[in-house]
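The values are calculated or read from the model by the stated rules, or taken from the named source; none is laboratory data. Because the structure is predicted, anything quoted here is derived from the model rather than measured. Ideal geometry is used to build each Cβ from the backbone, glycine not excepted, and the neighbour counts take in all protein chains shown.
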Amino acid sequence: MDFPNSAQDIVRCDFCEIRVVQSYCEICHNNLCKTCVGEHLSDSTRRHRVVPFKEKTSMPDLPKCHEPEILTTIDTRYENIFSVTCLSDEEIWIRGSENILRLFNLQGELLKSIKTKSGNFACDIAVTRNRELVYTDPGTRTVNIVKNNQIKAVIKLESCEPYYVCSTAFGDLLVTVVNDDDKQSIVVRYSGSTIKQTIQFDSEGIPLYSPGYFSKYMSENGNLDICVADNGANAVVVVNKAGELRFKYTGHHSSNNLVEFSPTGITTDSQSRILTSEHHNNRIHILHKDGDLLYYIHYIGNPYGLCLDTNDNLFVAQHWEGKVAKVKYL
């Protein structure tokens, strides 16, 4: 189909919004004028494929949407929930809007309740490869581990507060901490209580993550990339195991997409795909390990924290509903 070229149908550049479009990026779905092509290609955190605008198909190449099959729903007894993590394929730990962490089976039966040692709300939870529950307590500046119903601070910070945590394949803990002085967010790798790595800046010395207390849930991918859903930056920030920036995913860009990307939860599956939720937009983005959007999952209300079992069944914390949905999405 030929594109109309009458005066009233002139297509403007998505960047400058002034000049007539001449090119089109098939990855980012942006219309580009000749002047703005170079600036667009200079963003090395994303892949690009720029073609002449006349070679663009008549309909934009939008990602497909998927429904998903909801296998079961668990009522967590929280008014709202934030984090979910698998203890096994049959048991999940859940953090909600209380200072109590709860373990449920898939039949919705409450198996165990753990009250935080300080009485503060936990900010995030994870399960180690030894099947031990870990939670962060910013109020006491500690990362705590639960063993035999006893709570012990495995990490104690002095000038930072720990917020988000994930357990790695090799038994380390990755913790998002916020510095007291400049409110800069840093991802720190711990072996026990020993710091092994800090991830804070890109190769040009620019902070990788947004400052302050915006949510930054994390997941380690199968290729050992560290994936952070940085709500304050409106981006999923992915670095390799050395802490070098691989890419930033900032949502699906097109002239028809006017809703700002706002990621919350994040997890990765057996094929190293990245799944990230948008609580406010009620959808989950499924990304290729290199950052391309594959498709969306819709129709799961208020998705927040995410985790996967060993069969790639997805557990979705439905924030305002106080429920966790087990979903078959593949």
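Would you check if T176 is under 19 Å from T136 (Cα atoms) and either of a type in the set (V, I, T) or modelled with pLDDT under 95 (or both)?
For T176, the condition - under 19 Å from T136 (Cα atoms) and either of a type in the set (V, I, T) or modelled with pLDDT under 95 (or both) - is met.
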- Looking only at segment 116-146, and only at residues there that are among the hydroxyl-bearing types (S, T, Y), in a loop (DSSP other than H, G, I, E, B) and in contact with a strand residue (DSSP E or B) (Cβ under 7 Å, 6 or more places away or on another chain), the one that is farthest from K156 (Cα to Cα): T128
- Query: Is it true that some residue in segment 242-265 is more than 29 Å from Y24 (Cα to Cα), free of Cβ contacts under 8 Å to residues at least 40 places away in the same chain and surrounded by fewer than 16 Cβ atoms within 10 Å (Cβ to Cβ)?
  - Reply: yes
- Query: Right, H280: touching a strand residue (DSSP E or B) at 6+ places or on another chain (Cβ under 6 Å), on the phi < 0 side of the Ramachandran plot and either of a type outside the set (A, V, I, L, M) or part of a loop (DSSP other than H, G, I, E, B) (or both) or not?
  - Reply: no
- Kindly check whether there is at least one residue in segment 208-216 that is among the aliphatic types (A, V, I, L, M), assigned to a loop (DSSP other than H, G, I, E, B) and in contact with a strand residue (DSSP E or B) (Cβ under 9 Å, 6 or more places away or on another chain). yes
- The listed residue being more than 18 Å from I92 (Cβ to Cβ) and either among the acidic types (D, E) or not in a loop (DSSP other than H, G, I, E, B) (or both), out of A242, A325, A229, A317: A229
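I want to confirm something. Restricting to segment 147-186 and keeping residues that are outside any strand (DSSP E or B) and small (G, A, S), which single residue is nearest to V228 (Cα to Cα)?
The extreme case among them is A169.
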- Task: Give the residues of segment 285-320 that are closer than 24 Å to N105 by Cα, free of Cβ contacts under 8 Å to residues at least 60 places away in the same chain and surrounded by 18 or more Cβ atoms within 10 Å (Cβ to Cβ), sorted by residue number.
- Result: N302, P303
- Cβ pairs under 8 Å, 6+ apart, first in segment 192-206 and more than 11 Å from L173 (Cβ to Cβ) and of a type in the set (V, I, T), second assigned to a loop (DSSP other than H, G, I, E, B) and modelled with pLDDT of 95 or more: T198/G243; I199/L208; I199/G243
- Item | All positions within segment 77-98 that are out of contact with any strand residue (DSSP E or B) (no Cβ under 6 Å at 6 or more places or on another chain) and either in a strand (DSSP E or B) or on the phi < 0 side of the Ramachandran plot (or both) | E79, N80, S88, D89, S97, E98
